[in-house]
Amino acid sequence: MKDLEAGLADARTRSMTGKRVLHALAAASLLGVAGCAGTAPSPGSEPAGETASSAAPEAPASAEPTEAAPAASDQTYEDGEFTQVGSYVSPGGTEEIGVTLTLEKDVVTAVTTEPMPSNPTAKLYQERFSGGIQEEIVGKKLDELKVDKVAGSSLTSGGFAEATDLIKSEAKL
């Protein structure tokens, strides 16, 4: 069972890596287009006497990247869906929980968890945690997440925190 879970985690990681490559290619393509939009005409192509009018169109072109730049630099994490597995220690031994977060502009827009219990007690608490985590974190910034106890489950939050830290590392711009 652990081999199957490890295989699923490896497949998810490979899938996420492929998505990150596609996101990077799309961003590079957009940056290339934006770079072309801001180029000034060559000095020989301007008609005589229109120097003042040619300066006006350039202002909006240079203003757009300036406005967009702060938004991009303010973003800490890549947009997308990220999945990791976190572990924690319970009285019954080490337990694991899978966590998938969807991020948009550093904000968690969706969360799913995959309970991976090794005993009935862990299963009960992981299911409780999974039932209540969405209310706790959706709409919050990734760096502001602090989950201690969810739906009566306090130990599962340790595995959730570990998975979230791994997601932060993976999604960091």
Open item on the list: Tell me the accessible surface of Tyr88 in square angstrom (1.4 angstrom probe, heavy atoms of protein chains only), to the nearest ten.
Closed with: 20
Open item on the list: Taking 22 Å as R0, compute the FRET efficiency from the Cβ-Cβ separation of Lys149 and Ser118 and round it to 0.05.
Closed with: 0.55
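Could you tell me which trypsin sites (Lys or Arg not before Pro) in segment 68-173 are loop residues by DSSP with no more than 14 other beta carbons within 10 angstrom of their beta carbon? Before the final figure, lay out the partial values.
Numbers: sites: Lys105, Lys123, Arg128, Lys140, Lys141, Lys146, Lys149, Lys168, Lys172; in loops: Lys105, Lys140, Lys146, Lys149.
In loop regions of segment 68-173 (DSSP not H, G, I, E or B), the sparsely surrounded trypsin sites (Lys or Arg not before Pro) are Lys105, Lys140, Lys146, Lys149.
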TODO: Find the lysine pairs in segment 101-171 meeting two conditions, Cα atoms under 17 Å apart and a separation of 8 or more places or different chains, and report how many there are.
DONE: 8
Open item on the list: Given points 7 Å out from each Cα along the Cα-Cβ axis, report the Lys172 to Lys105 separation in nanometres with one decimal.
Closed with: 2.4
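The values are calculated or read from the model by the stated rules, or taken from the named source; none is laboratory data. Note that this is a predicted model, so its numbers are computed, not measured. Counting neighbours? That spans all protein chains shown, and the Cβs are built from the backbone with ideal geometry, glycine included. Just so you know, the surface numbers come from the protein's heavy atoms only, side chains and all, with ligands and any DNA or RNA stripped out. Shrake-Rupley method; radii C 1.70, N 1.55, O 1.52, S 1.80 Å.
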